[in-house]
Amino acid sequence: MRAEYREEPCRSALNRVRGMPFDWSLNPYMGCAHRCTFCYVRAFEARADRPSGDRYGASIRVKTNVAEVLRRELARPSWRNEAVAIGAATDPYQPAEGRYRLTRACEEAFAEAANPFSLITRGPLIVRDVDVLAEASRRADVSVTFSVPTLDEEIWRRTEPGTAPPRQRLRALSRLVEAGIDARVGMAPILPGLSDRPELLADVVREARAAGATGIWANLLYLRAGTREHFLAALERDWPELLGEYEQLYRRGAYLPRQTSDPVRERVRGLARSHGVGDRRRLRLEPPAAAEQLELVMR
């Protein structure tokens, strides 16, 4: 499915967020071409009466002036230099970023203002911007999380159809860490009965450690109305034997019961400890050329 790109200016760049680990977010794009079956943003789209099923990701809004608006907002006397999460409702390094470079422009604005920010992505294109991220990291707290819920080829292909292979993401993480950037792995969402198998969890933690990840965390699948219907339909198509189990697990709401989720999180924490996952960056003054980095990661 080819995506349509709608170039539209925005009135504001920074969004106040409630009920999340961060207070502010920024999304250079709205919509995502990755089309992950489990994407929680589908639920928000359904509530807004926008496509959340098979058509989600077919239309991407490109906020053409987002970096200019961001600079104005960061310069306001009332702005308190608070941390901002980039990509809470979209992947800032989805394919559109290769053309529009809006995420890079926003990172430049944050660097100029010495404003802290974090970013989560499945896109190895991020290595193109290692120079900006390294400079921003020297001026404020900056962290990047690569979403790598599994390395299993079949699970990845069926649940994340528009994304780069997980090992490409880990190669990108390695390049960022080499440049002195705080780059972590988020194992999310882990899927019950699929990617929660002990050997698959161990694979991700072991490879994250080998890539130099500065940290690792895990979350299990969250199924809210809007996401739930699409994910269960995909599950029935690809793993029909698990449909009844999921309907039982999520019968009381969007979250798994703690007796199911807590042991998985604890297993990941134990694996991280046993593999010695931690911040081992060697800070570099001059990061490698971005073009060379991108070529290596995309091989």
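The values are calculated or read from the model by the stated rules, or taken from the named source; none is laboratory data. Keep in mind the model is a prediction, meaning the values are calculated, not measured. With ideal geometry, Cβ positions are generated from the backbone for all residues, glycine too; neighbour counts draw on all protein chains shown. Side chains are part of the model used for accessible areas, which takes the heavy atoms of the whole protein and leaves out ligands, DNA and RNA. Shrake-Rupley method; radii C 1.70, N 1.55, O 1.52, S 1.80 Å.
Of 100, 93, all but one fail to be at pLDDT 95 or above, among the aromatic types (Phe, Trp, Tyr), closer than 23 Å to residue 146 by Cα and open to solvent by 10 Å² or more (accessible area, probe 1.4 Å); the exception is 100.
Could you say which residue among 83, 105 is in contact with an Asp or Glu (Cβ under 8 Å, 6 or more places away or on another chain) and among the small types (Gly, Ala, Ser)?
83
Residues in segment 24-43 that are on the phi < 0 side of the Ramachandran plot and in contact with a strand residue (DSSP E or B) (Cβ under 7 Å, 6 or more places away or on another chain): 24, 25, 26, 28, 29, 30, 33, 38.
Can you tell me which residue among 213, 254, 218, 202 is modelled with pLDDT under 95 and either among the aliphatic types (A, V, I, L, M) or within 18 Å of residue 278 (Cβ to Cβ) (or both)? Break it down stepwise before answering.
On the way: 213 fails: modelled with pLDDT under 95; 218 fails: modelled with pLDDT under 95; 202 fails: modelled with pLDDT under 95.
Only one candidate passes the filter, namely 254.
Considering the conditions (1) crowded, with 21+ Cβ neighbours inside 10 Å; (2) within 23 Å of residue 264 (Cβ to Cβ), residue 152 is excluded by exactly one of them, (1). Taking the numbered list (1) modelled with pLDDT of 75 or more; (2) loosely packed, with under 15 Cβ neighbours inside 10 Å; (3) in contact with a helix residue (DSSP H, G or I) (Cβ under 7 Å, 6 or more places away or on another chain) in turn, residue 9 passes all entries but (3). Within segment 41-77, the residues that satisfy the criterion of being surrounded by fewer than 18 Cβ atoms within 10 Å (Cβ to Cβ), part of a loop (DSSP other than H, G, I, E, B) and either among the aromatic types (Phe, Trp, Tyr) or modelled with pLDDT of 65 or more (or both) are 58, 64, 65, 75, 76, 77. Applying the criterion of being in a loop (DSSP other than H, G, I, E, B) and over 30 Å from residue 279 (Cβ atoms) to the residues of segment 221-240, the residue that is modelled with the highest pLDDT is 239.
Tally the residues that are farther than 18 Å from residue 36 by Cα, in a helix (DSSP H, G or I) and open to solvent by less than 30 Å² (accessible area, probe 1.4 Å), restricting the search to segment 244-265.
Count: 2.
Once segment 266-283 is narrowed to residues that are in contact with a helix residue (DSSP H, G or I) (Cβ under 8 Å, 6 or more places away or on another chain) and at pLDDT 95 or above, the residue that is surrounded by the fewest Cβ atoms within 10 Å (Cβ to Cβ) is 276.
Every test in (1) touching a residue at least 12 places away in the same chain (Cβ under 8 Å); (2) part of a helix (DSSP H, G or I); (3) open to solvent by less than 40 Å² (accessible area, probe 1.4 Å); (4) under 30 Å from residue 264 (Cα atoms) is passed by residue 158 save one, and that test is (3).
Which of the residues spanning segment 162-193 are without any contact (Cβ under 8 Å) to a residue 40 or more places away in the chain and crowded, with 23+ Cβ neighbours inside 10 Å? 166 - this is the single residue of segment 162-193 that is without any contact (Cβ under 8 Å) to a residue 40 or more places away in the chain and crowded, with 23+ Cβ neighbours inside 10 Å. Checking each residue in segment 80-125 for being among the small types (Gly, Ala, Ser), in a loop (DSSP other than H, G, I, E, B) and more than 14 Å from the chain's Cα centre (by Cα) picks out 83, 114. Figure legend. Inter-residue proximity from segment 5-25: first residues more than 16 Å from residue 72 (Cβ to Cβ), second residues acidic (Asp, Glu) and open to solvent by less than 90 Å² (accessible area, probe 1.4 Å), beta-carbon distance below 8 Å, spacing 6+ or different chains. Indicated pairs: 16/23; 17/23; 23/82. Across segment 194-217, the number of residues qualifying as closer than 21 Å to residue 176 by Cα, among the small types (Gly, Ala, Ser) and open to solvent by less than 20 Å² (accessible area, probe 1.4 Å) comes to 5.
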